[in-house]
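Comments concern the structure below.
What follows is calculated from the coordinates using simple rules that are stated; it is not laboratory data. This one's a predicted model, so the numbers in the text were calculated from it and none came from an experiment. Cβ coordinates were reconstructed from backbone atoms using ideal geometry, including for glycine residues, and neighbour counts include every protein chain displayed.
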Amino acid sequence: MINNANSGDLHLVDEANRDIYSVLNLSAFGLSNEVFQLALKGLNKLKEAGQLENSSVLTIVDFSQSSNNKRLYVIDFNKMTVLFNTLVAHGRNTGEEFAHDFSNKAGTLKSSLGFYVTKNQALGSQVGLSLIIQGVEKGFNDNAVNREIIMHGADYATEDFIKKNGCLGRSYGCPSVPPDMIKPVIQTIEKGSCLFIYYPDNNYLLHSSLLN
């Protein structure tokens, strides 16, 4: 039975070991159980370390999928539901339709893998409403704030763009979402929730401090 006494308590299974992945029906949304379990593992570690203000909400970006897929998932463990499932762009030099190359270095225009903690909203002169995200994995994404990697809305992250160009557009490294999604997503995940950006990169999976 779900434990709502402690908001965001991820020991959400009863003694019968309820399958959260199945309850959320994540397979129907295209998210694999493997990626979900990795996200839960990191989320639990961040919670135990006291780094999350809101551990009841988890955002997963699965860059192993085509950019034409809705590969961003916002999950609410209190309500046991997927709140949002939408498009999300990767960095210009990370790949075209499919992502494959990642970096933590400034100027690369590449996405960065790993776990982030969401911070506050910001209002940029070029991108408008955005969300500051702090990378918490040294060597993989801890340079995100300095690189101005943020979540923001973008016209190239829409179904119309895919129809016209064959695949989603790309960012400067930011996880960009459709303009009509940025406000509700930010309002849901801001101020201390977990964001996990995944790709089956062996170096990351072997050396992530939160997955090992």
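Checked against the criteria, Val61 counts as in contact with a His (Cβ under 9 Å, 6 or more places away or on another chain), within 22 Å of Val35 (Cα to Cα) and aliphatic (A, V, I, L, M). Before we move on, is Gln65 part of a loop (DSSP other than H, G, I, E, B), among the polar types (S, T, N, Q) and without any contact (Cβ under 8 Å) to a residue 12 or more places away in the chain? Spelling it out, it is not the case that Gln65 is part of a loop (DSSP other than H, G, I, E, B), among the polar types (S, T, N, Q) and without any contact (Cβ under 8 Å) to a residue 12 or more places away in the chain. Tell me the residue from Lys163, Lys191 that is in a loop (DSSP other than H, G, I, E, B), farther than 18 Å from Phe63 by Cβ and not polar (S, T, N, Q), please. When all the criteria are applied, what remains is Lys191. The set of residues in the stretch 40-62 being outside any loop (DSSP other than H, G, I, E, B) and out of contact with any strand residue (DSSP E or B) (no Cβ under 9 Å at 6 or more places or on another chain) consists of Lys41, Asn44, Glu48. Annotation for the stretch 142-155: no member residue is among the charged types (D, E, K, R) and touching a residue at least 60 places away in the same chain (Cβ under 8 Å).
Residues satisfying the criterion are present in the stretch 173-184 (criterion: over 20 Å from Ala99 (Cβ atoms), in a helix (DSSP H, G or I), touching a residue at least 12 places away in the same chain (Cβ under 8 Å) and among the aliphatic types (A, V, I, L, M)). The number of residues in the stretch 92-102 that are crowded, with 17+ Cβ neighbours inside 10 Å and either within 14 Å of the chain's Cα centre (by Cα) or part of a loop (DSSP other than H, G, I, E, B) (or both) comes to 2. If you filter the stretch 103-126 down to residues that are closer than 13 Å to Ser171 by Cα and within 19 Å of the chain's Cα centre (by Cα), you find that the one that is surrounded by the fewest Cβ atoms within 10 Å (Cβ to Cβ) is Leu109. Evaluated against (1) touching a residue at least 12 places away in the same chain (Cβ under 8 Å); (2) part of a loop (DSSP other than H, G, I, E, B); (3) not charged (D, E, K, R), Gln126 falls short on exactly one condition, (1).
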